[in-house]
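Right, one structure below, let's go through it.
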Amino acid sequence: ELSSELAYMYAWDETVASRGSQEIVSCLVEHFRNKVSENIDHVIMFSDSCGGQNRNIKVALMCMKFLQEEGTNIKLIDHKFMTSGHSFLPNDADFGVIESYSKGRTMNVPQDWFDAIVKSKRKKAYLLNAMRREEIYSTANL
């Protein structure tokens, strides 16, 4: 969240889900439901132009479905895509911090990665949400 300078990280292991667009948009939906303030009705998302994870029909369908849910305060999701190869998003630096922290460390189990995410940043630690299987949604019926 750019306004609060908080960085949320969503993670799961391969026993929970894969790593495609359905998983990515499931994290977004969980974030919208649980982290977005009730007085926010317009969300602007910035993504790179990766078609496999961000710029595809599954993300669009899931966002549309979320907007139709009862009880959501969000009325508009504005998804903006950066120019491929010519952009830098704040989360790119966040992933670099985690990579630097984990370099040379032995990562044997998923919890090692979860711990690395939380411990890698000294000030304003990343806020980790370890996704559960029931939080991963399918777009098959949309």
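The values are calculated or read from the model by the stated rules, or taken from the named source; none is laboratory data. It should be emphasised that the depicted structure is a prediction, and the values quoted were computed from it without experimental measurement. All Cβ positions, even for glycine, are placed from backbone atoms using ideal geometry, and neighbour counts span all protein chains on display.
Do we have any residue at all in the range 46-54 that's closer than 21 Å to Ser4 by Cα and at pLDDT below 95? Yes - at least one qualifying residue is present in the range 46-54.
Residues checked against (1) assigned to a loop (DSSP other than H, G, I, E, B); (2) loosely packed, with under 15 Cβ neighbours inside 10 Å; (3) free of Cβ contacts under 8 Å to residues at least 40 places away in the same chain:
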site: Asp92; (1), (2), (3): no, yes, yes
site: Ser100; (1), (2), (3): no, yes, yes
site: Met107; (1), (2), (3): yes, yes, yes
site: Asp112; (1), (2), (3): no, yes, yes
site: Ile117; (1), (2), (3): no, no, no
site: Asn129; (1), (2), (3): no, no, no
site: Glu134; (1), (2), (3): no, yes, yes
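On the stretch given as the range 46-64, residues that are in contact with a strand residue (DSSP E or B) (Cβ under 8 Å, 6 or more places away or on another chain) and exposed (fewer than 15 other Cβ atoms within 10 Å of the Cβ) total 1.
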